[in-house]
Amino acid sequence: MPCVSQAFDAKWKRRREVNMRLIWIAIAAAAMLAGPAAGQQWPARNVKLIVPYPAGGNVDSAARIIADKLQEKLGQPFIIENKAGAGGMIAGEAFAKSAPDGYTLFVGANGPVLFATEINKRDAYSWKKDFLPISTISMTPLVLEVHPSVQATTFKEFVDLAKREPGKLTMASPGPGTTNHLLSELMQSSLELQWVTAHYRGNAPAINDLLGGQVQFAFDQLSVSLQHIKAGLFRALAVTSPHRLKSLPDVPTFAELGYKDFDGQTFTGLFAPAGTPAPIVDKLHETLTAILKDPAVADKFEKLGAEAVAMTPEEFRAYLEHEDAKWIPVVRKANIKAD
């Protein structure tokens, strides 16, 4: 009998969640019928920005930059709530259940938005169904960097070395399913290379071991590694950005080397829950676009090793569709799973 009771409780809980979601969508639909008034009245109180990582990282920094400006322009506090864990799934799941009223937003990145549910094998939410893209905030390129002990000064020499000694090189990954890890898997598959992948719990320990020479190379966010490259502690071989970077003008892009598929970048973007009234979405998008065009804001992102980039909701959705179609097959082919 306890099993029957547990099954009933679980079924009732699922039904309650579905009913609450339908109620919120109905409320949002009613708000949409009010037309522009919804946008004019919003925000009337604090707005929460859920961030799926701890304070201090790239995504958190991006969220804090725009939160300050949104508060300045819209006249209400935009409060950061850091909900780390499970590769961003804890935050994503909480956000997906939020009321679509414009008072809970999500500052997401590749992992929590696109990959976390696939890697954790949990159908907790779907960005296509539960997330309403508003705009990108920033793009952060990755850089292929090697320890000075590695006998390669160009990407071609690196590939030749990996082919000549398969399995000898070790790549430092900040965790399974990160863009860094997926780019590594795509490169191995595309170029028929083989190396060892050492997974760490974040960028800091991975880069520490690369500094110490315990591992030989990494694909890393430029914001993390630029200081070490400038100091000569790492050798940069190529970047994933569509154009050469001001901070590394002598380092070629993968595209100009003939590898257009190796263009993985880390995005940060702003999302509202599905069903949020269009006037609120329009107001958010218009305000955020103006913020990202501010030279002072662009300078803050540049100092993070990122580029401030605004897209329309339609452009952002198309971008996510493209990234989803490109990287989910890589996740499945490599059988990437959460630790």
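The values are calculated or read from the model by the stated rules, or taken from the named source; none is laboratory data. Because the structure is predicted, anything quoted here is derived from the model rather than measured. Please note: Cβ atoms are built from the backbone with ideal geometry, for glycine as well, and neighbour counts cover all protein chains shown. Areas reflect the complete protein model, heavy atoms only, side chains present, ligands, DNA and RNA absent. Shrake-Rupley method; radii C 1.70, N 1.55, O 1.52, S 1.80 Å.
Side notes on the structure shown:
- Leu233 vs. criteria open to solvent by 10 Å² or more (accessible area, probe 1.4 Å), touching a His at 6+ places or on another chain (Cβ under 9 Å) and modelled with pLDDT of 95 or more: yes
- Selection within the range 175-196 - out of contact with any Gly (no Cβ under 6 Å at 6 or more places or on another chain), surrounded by fewer than 17 Cβ atoms within 10 Å (Cβ to Cβ) and not in a helix (DSSP H, G or I): Glu192, Val196
- If the condition is being open to solvent by 30 Å² or more (accessible area, probe 1.4 Å) and among the polar types (S, T, N, Q), then the range 154-174 contributes only Thr154.
- Residue identified as within 19 Å of Gly275 (Cβ to Cβ), in contact (Cβ under 8 Å) with a residue 24 or more places away in the chain and in contact with a helix residue (DSSP H, G or I) (Cβ under 7 Å, 6 or more places away or on another chain) among Ala124, Ala94: Ala124
- Filtering the range 250-278 to residues that are within 25 Å of Ser61 (Cα to Cα) and either open to solvent by 60 Å² or more (accessible area, probe 1.4 Å) or free of Cβ contacts under 8 Å to residues at least 24 places away in the same chain (or both) leaves only Asp263.
- Checked against the criterion of being open to solvent by 40 Å² or more (accessible area, probe 1.4 Å), under 27 Å from Leu248 (Cα atoms), out of contact with any strand residue (DSSP E or B) (no Cβ under 7 Å at 6 or more places or on another chain) and modelled with pLDDT of 95 or more, the candidates Lys293, Lys283, Lys303 yield just one match: Lys293.
- When the range 229-275 is filtered for residues that are closer than 18 Å to Glu185 by Cα and either touching a helix residue (DSSP H, G or I) at 6+ places or on another chain (Cβ under 6 Å) or among the aromatic types (Phe, Trp, Tyr) (or both), the ones remaining, listed by number, are Leu237, Ala238, Phe254, Tyr259, Phe262, Gly264, Thr266.
- Here the range 97-118 is the region considered, the condition is being aliphatic (A, V, I, L, M) and surrounded by 22 or more Cβ atoms within 10 Å (Cβ to Cβ), and the residue that is farthest from Thr268 (Cα to Cα) is Ala116.
- Subset of the range 49-82 (residues that are surrounded by fewer than 19 Cβ atoms within 10 Å (Cβ to Cβ) and either part of a loop (DSSP other than H, G, I, E, B) or not assigned by the TED database to the domain that holds Glu118 (or both)): Pro54, Ala55, Gly56, Gly75, Gln76, Pro77
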